[in-house]
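First up is the structure itself, then whatever we jot down about it.
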Amino acid sequence: MPKSSPLLVSLALLAAPWAVQAAPDTPAAQAASHIEQLQTRLDRVQRLGAVAVSPDGTRLAWVREGKQPAIELADADGHGAHALDVGKALAGCDKRDIAWSPDSRRLAFIANCGKDLTNTEAMHNDVYLADVAGTAAPHELAKLAGYARALAWTQDGKALGFLYVPGATRHASATAAGKPQVGVIGEDAHEEVQRVARLDASSGALHTLTPATLYAYEFDFSPDGTRIAYTAAPPPGDNNWWVAKLYVQETSASAAPRAIVDPATVTGSLHGLQMALPRWSPDGSRIAFIGGLMSDQGATGGDLYSVPSTGGALSDLTPGITVTPQWFTWTGNDALLVSQNAKGKAQLATYDLRGDRATAQAPYFTLPAMIGAGGAVLSVSLSADHQRVAYVQTSYEQAPEVHAGKLGSTPPPAVTTLNAALKPAWGKAVSVEWKNEGRDVQGWLLYPANYDPHKTYPMIVQVHGGPAWGVMSSWPGMGAMYAASGYFQFMPNPRGSYGQGEAFVQANRKDFGYGDLRDILAGVDAVEKLVPVDDHRLGLTGWSYGGFMSMFAPTQTQRFRAVVAGAGISDWQSYYGENQIDQWMIPYFGASLYDDPAVYAKSSAISFIKQAKTPTLIIVGDRDEECPAPQSFEFWHALKTLGVPVQLVVYPNEGHHFVDPKHVRDMQQRSLDWFAKYLPASK
């Protein structure tokens, strides 16, 4: 029996950086000073949230985040920008989900004045309405005892719809810190269920539309407002998104939902996969959505599909395309505006519908950048006539700004200069492409700050999560801390990633850690032919699926000399019974663990653990539902037993996404220190 709990040891390690004040000239103090200086340099950016162009195309609104969040209004060209006067009571509250009324006279938004970092206190979100032409402060339309998001108007302007979790104590997301697993497990009578709600815009009367037996994920009102389409599954919601169905029902609390698409029973390309972003056609006859292999709710990507709104034959509109649509909207009964990932670049294009197929026209433009308008990657805001577009744009070279203008072949210009003075604290960024095993593969490479072509440099390979995700050019802030500290920083998009069509996304099914690792190693070879990287100073890091790869790769290759594994997975077999989202695994592994344990063992680092020699720092939150802490303990225990240099740090009250700034800072400092110890940036 061990003399002390590993968890207590880890928490003691965690407390050290801020519990004990180091002397000014100690290495610990110098390291703390370095991370503070780095944060000052890299985190000066003014962050932007949602952006929305008014339906009549004459005005813009956007959310300015930070210590004093604000909603700002401006003319369509950005002139006359000013903060919306929300009054003293809301001055320090978060504002989000801005939504223009159809007549462009009112702006609705959600305010959250709570600051609970533990995800244990009851949440209170309020809905406000502002008359943008008047001088009065926004008035409170509804006070909600719960969590609300995805605010949207009905087309007649009489009501607002949103997703609502009555009595919520945490954000409706598997990445939020989970509830402590104590007591009788799996029989909680107070399950937090997200439902579609409707709010009368004149009286503030609240109507919960969807039944408590279904957890709703996304929704859309029909053009006449009499029906809603939504994706939903029985609770628990965090787990069952991967088996959600598409429902249609009347806009009434007593209406019965009707499933019109069930991926578990359909034949064809959608069978066993996932759906996102249901949207009604302007005439109400069809519902389109994005369908494909998606590893995370909210990480949308796949083919475009269409189904009659009354049910019927399902059509894959875009089979075989070599880009990844991630957002779309109808611009006519036979036309869609699609925002898509094209080999790591943002692309906006029109798709014309003819029968059961959609054909892409020449893209309006392709940007080496990331765009977004309302929380969804690659989303944009359009005026009612589809002539004007607005979004937040960011890249490795340019910090976020609001871009707006006419929709055309020329990308709309920046209409704000909030971050215009900021310059990258890292070197230049380039898109790198290479071939491996007959596939085209792409990734992004950041040069080190103050790059000298006559020197050789270490390189850190950073593997993204998902795996159904993709690295795109965006202002990284502390995400570029390695490049800002003298390293090349390589971020590949191997098979399994978005950006090259659904076949590429599905290419790592039942093959985790093998083909994708070969793609990554081939990418390292390609980078080494371009720039002076010291192959004996390679590091590896990642979070979530990237954390798995950071655990698995050292059991397959000795090429990496140091690893930082964040929220990883070391043993797919034990993971199956530990996580709260096991439904995502069957589309990837082909069967449950209990039906095919061998396929899970094949990709488990623990199966090959005696081959691991690489010094590894392991980081995880103690309430992570997606990649639970026991996975990190298992890997730490194995490496420690085998005499491999290893350290495990467990952060209290954190889920898959860290929210406490102290924890984020400590994690960043430990990561930099680990690589500095085993991969010094200078020799």
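The values are calculated or read from the model by the stated rules, or taken from the named source; none is laboratory data. These numbers were taken from a predicted model, which means no experiment stands behind them. Positions of Cβ are backbone-derived with ideal geometry, glycine not excepted, and every protein chain shown enters the neighbour counts.
Could you check how many residues of the range 529-578 are within 17 Å of Leu445 (Cα to Cα) and not hydroxyl-bearing (Ser, Thr, Tyr)?
Qualifying residue count, the range 529-578: 13.
Can you tell me which of Leu199, Leu214 is farther than 19 Å from Met275 by Cβ, of a type outside the set (Lys, Arg) and either touching a residue at least 60 places away in the same chain (Cβ under 8 Å) or in contact with a strand residue (DSSP E or B) (Cβ under 7 Å, 6 or more places away or on another chain) (or both)?
Selected residue: Leu199, the only one of Leu199, Leu214 that is farther than 19 Å from Met275 by Cβ, of a type outside the set (Lys, Arg) and either touching a residue at least 60 places away in the same chain (Cβ under 8 Å) or in contact with a strand residue (DSSP E or B) (Cβ under 7 Å, 6 or more places away or on another chain) (or both).
Just to verify a result, which residue in the range 633-649, among those that are out of contact with any Leu (no Cβ under 6 Å at 6 or more places or on another chain) and closer than 21 Å to Gly178 by Cβ, is surrounded by the fewest Cβ atoms within 10 Å (Cβ to Cβ)?
Going through the qualifying residues, I end up with Phe633.
What single numbered condition from (1) crowded, with 20+ Cβ neighbours inside 10 Å; (2) in contact (Cβ under 8 Å) with a residue 60 or more places away in the chain; (3) within 25 Å of Gly477 (Cβ to Cβ); (4) in contact with a helix residue (DSSP H, G or I) (Cβ under 6 Å, 6 or more places away or on another chain) fails to hold for Asp673?
Just one mismatch for Asp673, condition (1).
Which residues, counting only those in the range 317-335, are in contact with a Leu (Cβ under 7 Å, 6 or more places away or on another chain) and not β-branched (Val, Ile, Thr)?
Hits for the range 317-335 are Leu317, Pro325, Gln326, Trp327, Phe328, Trp330, Asp334, Ala335.
Say whether the condition of being in contact (Cβ under 8 Å) with a residue 12 or more places away in the chain, surrounded by fewer than 24 Cβ atoms within 10 Å (Cβ to Cβ), closer than 30 Å to Gly66 by Cα and touching a helix residue (DSSP H, G or I) at 6+ places or on another chain (Cβ under 9 Å) is met by at least one residue in the range 485-503.
yes
Can you tell which of Thr251, Thr210 is among the polar types (S, T, N, Q) and over 30 Å from Arg623 (Cβ atoms)?
Thr251
Which one is modelled with the lowest pLDDT, of the residues in the range 81-110 that are exposed (fewer than 15 other Cβ atoms within 10 Å of the Cβ) and touching a Lys or Arg at 6+ places or on another chain (Cβ under 9 Å)?
It comes out as Gly92.
Does Gly443 meet the test of being modelled with pLDDT under 95, farther than 16 Å from Arg537 by Cα and touching a helix residue (DSSP H, G or I) at 6+ places or on another chain (Cβ under 6 Å)?
No; evaluated as a whole, the condition is false for this residue.
Given the criteria under 28 Å from Pro467 (Cβ atoms), among the aliphatic types (A, V, I, L, M) and not in a loop (DSSP other than H, G, I, E, B), does Ala276 qualify?
Here the answer is yes, as Ala276 does meet what is asked.
Given the structure, is Gly237 at positive phi and touching a residue at least 60 places away in the same chain (Cβ under 8 Å)?
no
I'm checking my understanding of the structure. Among residues of the range 111-149 that are of a type in the set (Ser, Thr, Tyr) and surrounded by fewer than 17 Cβ atoms within 10 Å (Cβ to Cβ), which one is modelled with the highest pLDDT? Before you say what the answer is, go through the steps one by one.
Step one: filter the range 111-149 for residues of a type in the set (Ser, Thr, Tyr), giving 118, 120, 128, 135, 147.
Now restrict to residues that are surrounded by fewer than 17 Cβ atoms within 10 Å (Cβ to Cβ): 118, 120, 135.
Working: Thr118: 75, Thr120: 79, Thr135: 75.
Restricting to residues being of a type in the set (Ser, Thr, Tyr) and surrounded by fewer than 17 Cβ atoms within 10 Å (Cβ to Cβ), the top hit is Thr120.
Among what's in the range 355-408 and is in contact (Cβ under 8 Å) with a residue 40 or more places away in the chain, of a type in the set (Val, Ile, Thr) and part of a strand (DSSP E or B), pick the residue that is surrounded by the fewest Cβ atoms within 10 Å (Cβ to Cβ).
My answer is Val377.
Residues that are over 24 Å from the mean Cα position of the chain (by Cα): find the helices (runs of 4 or more DSSP H) completely inside the range 532-637 holding 1 or more of those. Don't jump to the end; show me each part of the working.
Values: elements: 545-552, 572-578, 585-589, 597-602.
Helices (runs of 4 or more DSSP H) meeting the threshold: 572-578, 597-602.
How about the range 106-133: which of its residues are within 17 Å of Ala177 (Cα to Cα), without any contact (Cβ under 8 Å) to a residue 24 or more places away in the chain and among the acidic types (Asp, Glu)?
Passing the criteria: only Asp116.
For Tyr215, state whether it is within 13 Å of Asp126 (Cα to Cα), buried (at least 21 other Cβ atoms within 10 Å of the Cβ) and out of contact with any Ser or Thr (no Cβ under 8 Å at 6 or more places or on another chain).
No, not satisfied.
Given the conditions (1) surrounded by 13 or more Cβ atoms within 10 Å (Cβ to Cβ); (2) in a strand (DSSP E or B); (3) over 26 Å from the mean Cα position of the chain (by Cα), which single one is not true for Ala449?
(2)
Only residues that are buried (at least 21 other Cβ atoms within 10 Å of the Cβ), of a type in the set (A, V, I, L, M) and farther than 18 Å from Val392 by Cα: list them for the range 322-341, please.
Correct list: Val323, Leu336.
Among the listed residues Ile586, Ile619, identify the single one that is at pLDDT 95 or above and over 25 Å from Arg509 (Cβ atoms). Spell out the reasoning first.
On the way: Ile586 fails: over 25 Å from Arg509 (Cβ atoms).
Checking each option against the conditions leaves just Ile619.
Give the range 354-374 a look and list any residue that's of a type outside the set (Phe, Trp, Tyr), in contact with a Gly (Cβ under 9 Å, 6 or more places away or on another chain) and farther than 24 Å from Arg96 by Cα, or say none.
Taking the range 354-374 and keeping what is of a type outside the set (Phe, Trp, Tyr), we get 354-363, 366-374.
Those still in the list that are in contact with a Gly (Cβ under 9 Å, 6 or more places away or on another chain) too: 368, 374.
Correct list: Pro368 only.
Any idea which of (1) over 18 Å from Ala232 (Cβ atoms); (2) touching a strand residue (DSSP E or B) at 6+ places or on another chain (Cβ under 9 Å); (3) touching a residue at least 12 places away in the same chain (Cβ under 8 Å) is the one Ala136 doesn't satisfy?
The failed condition is (3).
For Val248, are the conditions met, namely being touching a strand residue (DSSP E or B) at 6+ places or on another chain (Cβ under 6 Å) and either at pLDDT below 95 or crowded, with 22+ Cβ neighbours inside 10 Å (or both)?
Considered against the rule, which asks whether it is touching a strand residue (DSSP E or B) at 6+ places or on another chain (Cβ under 6 Å) and either at pLDDT below 95 or crowded, with 22+ Cβ neighbours inside 10 Å (or both), Val248 comes out as yes.
Among the residues of the range 155-172, write down those that are assigned to a loop (DSSP other than H, G, I, E, B) and surrounded by fewer than 21 Cβ atoms within 10 Å (Cβ to Cβ).
Passing the criteria: Gln155, Asp156, Gly157, Lys158, Gly167, Thr169, His171.
Please pick out the residue among Ala676, Ala638 that is small (Gly, Ala, Ser) and either closer than 24 Å to Asp571 by Cβ or touching a strand residue (DSSP E or B) at 6+ places or on another chain (Cβ under 8 Å) (or both).
Answer to the selection: Ala638.
I'm told Leu304 meets every condition in (1) of a type outside the set (Asp, Glu); (2) touching a residue at least 60 places away in the same chain (Cβ under 8 Å); (3) in a strand (DSSP E or B) except one. Can you identify the failing condition by its number?
Leu304 satisfies all of (1) of a type outside the set (Asp, Glu); (2) touching a residue at least 60 places away in the same chain (Cβ under 8 Å); (3) in a strand (DSSP E or B) except (2).
State all residues of the range 327-353 that are farther than 13 Å from Gln500 by Cβ and of a type in the set (S, T, N, Q); if no residue qualifies, say none.
Correct list: Thr329, Thr331, Asn333, Ser339, Thr350.
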